[in-house]
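Structure first, then comments.
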Amino acid sequence: MQQNPSSDSIVSLRDVQKSFGSLRVLDGVSFAVERGEVLALIGRSGSGKSTALRCIDRFEKVDGGEIVVCGHRVDRPDVDLRALRQDVGIVFQSYNLFPHLTIEQNITLAPCAVKGLAHSQAKDLARKVLAQVGLEEKLHAYPEQLSGGQQQRAAIARSLAMQPKVMLFDEVTSALDPELTAEVLKVIEQLAADGMTMVMVTHEMGFAKGIADRIVFMHRGKVHETGPASILTSPTTPELTQFVGTGNLKS
Amino acid sequence: MSLQLDFPAVLERWTSFLAGAVLTLELAAFATVLGALLGTLAAVGRGTHNALISGPCKVYVETIRNTPLLVQIFLVYFGLASLGLKFSAFAVAVAALTINVGAYTAEIMRAGFEAIPRGQIEAAEGLALSRLQIYWHIILLPAIEKVYPALTSQFVLLMLASSVCSQISAEELTAVANYIQSDTYRAFETYIIVAVLYVILSLVMRAGFWGLGLVLFPRRRRLGTPL
Ligand SMILES: Nc1ncnc2c1ncn2[C@@H]1O[C@H](COP(=O)(O)OP(=O)(O)OP(=O)(O)O)[C@@H](O)[C@H]1O
Ligand SMILES: [Mg+2]
């Protein structure tokens, strides 16, 4: 969808290496995400999806290769972490809302503390992002008063309030039952429709197929197969064939 | 054997008892506030990766937890005196009690910090909050909340232990009792009254901490979860 993808990459990984002790988790991973693109990272458990995602926001330091995110050289030791993380939003499987703060306080904290936004402005912002995820009425609730799906949507809203240039999602629906999963996926779909750049690790193959501009299938720390969403229905490698064949392709 | 108690002879001195009780409460209040600060800093220090900070914090905590309070009080008292520094008995008592309770607070707070799920901190880092902001906004209150009963018990214990400050003639409740019983020769009655006063002081402190808990943890108030 972009005319000139190379100059417009929001995220690019080139030959990224990462080991935990003697375990090589990323073994020369390369992929790029253009502005407005949705990239789905799929693969078996332990194939390195989460690690790859966490490297983008520098929750893991890479051993080799190059990562550029919104112009930040993430692989360099002198990367400005706080500047990087203002450009990148990340949402985890376990929501990680701050339990002692109301949903509103969860959302306004970072814009006020990091960007110096005035309190009244931050409150308006909280209303806006909560409306985006369909949770306006939960402004003054505490996280434990919300269902899992609502907590996850609130966590997405909290990230959105920092107005990131790219959002990272790590299996954000894995802890939810199908009904709650659907409400979270709907929010993510809307974000995609609004043009948000996203990288998501997901086990929801039907969802990936519907929303992703590009699929990256990881296998043993490598990008084993990549292409448009259609590779899920007509995979070329035996590993991806087996992966999508083992009941992963729900629609 | 007959037990004859003469409380009126002792209760005549009620103003002295009251003054002693107030001083004990003041000692406890100062040492609690300062000790909570010192202990929290020591707990943060012990958790850093910098051995130049975590090392001394560890030595402080372990030294204090393995020596008697009375010895610590004498060390502060005579230590300052031998440096030629003159402080009131009250100031020396506050300093010694602060140093003492700070070490116990550090251990309790460390347990509280460790009970904060790693994911909370990662989420905060992901929102670009600084190290200091994460401690202040994300870790501190939930950590205190997790250890609040242990923490407040420690401060009540400190108030009770402050009775040994009578040894450096701080005019707190036990010191007052010592004078009164030697004046009146009514030791048993005196210490019964003192015991009752300590119970009341404990209850006052516990009530204070209960009220403070309501202010510090609004979520518990809203959701009706007891501490
Ligand atoms: N901090 C760590 N220390 C040691 N090993 C780790 C660490 N994080 C991940 N690993 C290991 O690295 C490998 C890849 O983990 P990763 O979490 O990236 O896999 P994944 O593809 O996300 O799997 P899943 O689908 O189960 O989430 C696994 O074998 C895992 O045990
Ligand atoms: Mg994972």
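Within the range A:48-90, being within 16 Å of ligand 2 (Cβ to nearest atom) and either more than 15 Å from A:Met200 (Cα to Cα) or at pLDDT below 95 (or both) holds for A:Phe59, A:Glu60. The residues of the range B:38-59 that are within 18 Å of B:Leu97 (Cα to Cα) and open to solvent by 40 Å² or more (accessible area, probe 1.4 Å), listed by number, are B:Leu38, B:Leu41, B:Val59.
When the residues of the range A:82-97 are narrowed to those that are more than 7 Å from chain B (Cβ to nearest Cβ) and not small (Gly, Ala, Ser), which ends up farthest from A:Ile10 (Cα to Cα)?
The initial filter retains those residues of the range A:82-97 that are more than 7 Å from chain B (Cβ to nearest Cβ), namely A:83-84, A:87-89, A:91, A:93, A:95, A:97.
Now drop any that are not not small (Gly, Ala, Ser), which leaves A:84, A:87-88, A:91, A:93, A:95, A:97.
Numbers: A:Leu84: 12, A:Asp87: 10, A:Val88: 10, A:Val91: 18, A:Gln93: 23, A:Tyr95: 24, A:Leu97: 27 Å.
Among those that are more than 7 Å from chain B (Cβ to nearest Cβ) and not small (Gly, Ala, Ser), it is A:Leu97.
Cβ-Cβ contacts under 9 Å between residues 6 or more apart (or on different chains), taken from a first residue in the range A:81-103 that is among the aromatic types (Phe, Trp, Tyr) to a second residue that is within 16 Å of ligand 2 (Cβ to nearest atom) and part of a loop (DSSP other than H, G, I, E, B), are listed as A:Phe92/A:Glu171; A:Phe92/A:Val172; A:Tyr95/A:Val172; A:Tyr95/A:Ala175. Looking across the range B:160-181 at every residue that is small (Gly, Ala, Ser) and part of a helix (DSSP H, G or I), the one that is surrounded by the fewest Cβ atoms within 10 Å (Cβ to Cβ) is identified as B:Ala161. Of B:Leu141, B:Leu157, all but one fail to be closer than 28 Å to B:Thr63 by Cα, open to solvent by 40 Å² or more (accessible area, probe 1.4 Å) and facing another protein chain (nearest Cβ under 10 Å); the exception is B:Leu141.
Scanning the range A:191-201 for residues that are within 14 Å of ligand 2 (Cβ to nearest atom) and closer than 15 Å to A:Glu37 by Cβ yields A:Val199, A:Met200.
Residues in the range A:52-79 that are within 13 Å of ligand 1 (Cβ to nearest atom) and within 14 Å of another protein chain (Cβ to nearest Cβ): A:Leu53, A:Arg54, A:Cys55, A:Ile56, A:Phe59, A:Glu60, A:Lys61.
Within the range A:8-51, the residues that satisfy the criterion of being of a type in the set (A, V, I, L, M) and within 11 Å of ligand 1 (Cβ to nearest atom) are A:Leu23, A:Val25, A:Leu26, A:Val29, A:Leu41, A:Ile42. Among the residues of the range A:115-136, those that are touching a residue at least 24 places away in the same chain (Cβ under 8 Å) and within 21 Å of the chain's Cα centre (by Cα) comprise A:Ala126, A:Val129, A:Leu130, A:Gln132, A:Val133, A:Gly134, A:Leu135. Annotation: of all residues in the range B:86-138 being within 14 Å of chain A (Cβ to nearest Cβ) and acidic (Asp, Glu), the one that is surrounded by the most Cβ atoms within 10 Å (Cβ to Cβ) is B:Glu125. Being of a type in the set (Phe, Trp, Tyr), in a strand (DSSP E or B) and open to solvent by less than 50 Å² (accessible area, probe 1.4 Å) is not true of A:Phe243. So, in the range A:99-111, of the ones that are more than 23 Å from A:Glu60 (Cβ to Cβ) and facing chain B (nearest Cβ under 7 Å), which residue ends up most open to solvent (accessible area, probe 1.4 Å)? Result: A:Pro99.
A:Val244 - would you say it is at pLDDT 95 or above and over 30 Å from B:Arg219 (Cα atoms)? Answer is no for this residue. Of the residues making up the range A:206-225, just one is open to solvent by 50 Å² or more (accessible area, probe 1.4 Å), assigned to a strand (DSSP E or B) and under 28 Å from A:Ser159 (Cα atoms), namely A:Arg214.
Any residue that is over 26 Å from B:Thr190 (Cα atoms), crowded, with 16+ Cβ neighbours inside 10 Å and not charged (D, E, K, R) - is there at least one of those in the range B:11-30? Yes, because at least one residue in the range B:11-30 is over 26 Å from B:Thr190 (Cα atoms), crowded, with 16+ Cβ neighbours inside 10 Å and not charged (D, E, K, R). Restricting the range A:14-33 to residues that are open to solvent by less than 20 Å² (accessible area, probe 1.4 Å) and under 15 Å from the mean Cα position of the chain (by Cα) leaves a set whose member that is nearest to A:Arg85 (Cα to Cα) is A:Val33.
Of all residues in the range B:182-197, those satisfying the criterion of being crowded, with 18+ Cβ neighbours inside 10 Å and either among the aliphatic types (A, V, I, L, M) or part of a helix (DSSP H, G or I) (or both) are B:Glu189, B:Thr190, B:Ile193, B:Val194, B:Leu197. A residue that is closer than 24 Å to A:Phe243 by Cα, assigned to a helix (DSSP H, G or I) and open to solvent by less than 60 Å² (accessible area, probe 1.4 Å) occurs somewhere in the range A:190-205. Of the candidates B:Leu216, B:Leu201, the single residue that is open to solvent by less than 40 Å² (accessible area, probe 1.4 Å) and either touching a residue at least 60 places away in the same chain (Cβ under 8 Å) or within 14 Å of chain A (Cβ to nearest Cβ) (or both) is B:Leu201. Looking at A:Val166, A:Val91, A:Val199, A:Val172, just one residue is within 16 Å of ligand 1 (Cβ to nearest atom), in contact with a Gly (Cβ under 9 Å, 6 or more places away or on another chain) and closer than 30 Å to A:Arg73 by Cβ, and that residue is A:Val91.
The values are calculated or read from the model by the stated rules, or taken from the named source; none is laboratory data. In this text the structure is predicted, and so the values were computed from the model without any measurement. Reconstructed Cβ throughout: ideal geometry from the backbone, glycine too, with neighbour counts over all protein chains shown. Accessible surface areas use protein heavy atoms only, side chains included; no ligands, DNA or RNA. Shrake-Rupley method; radii C 1.70, N 1.55, O 1.52, S 1.80 Å.
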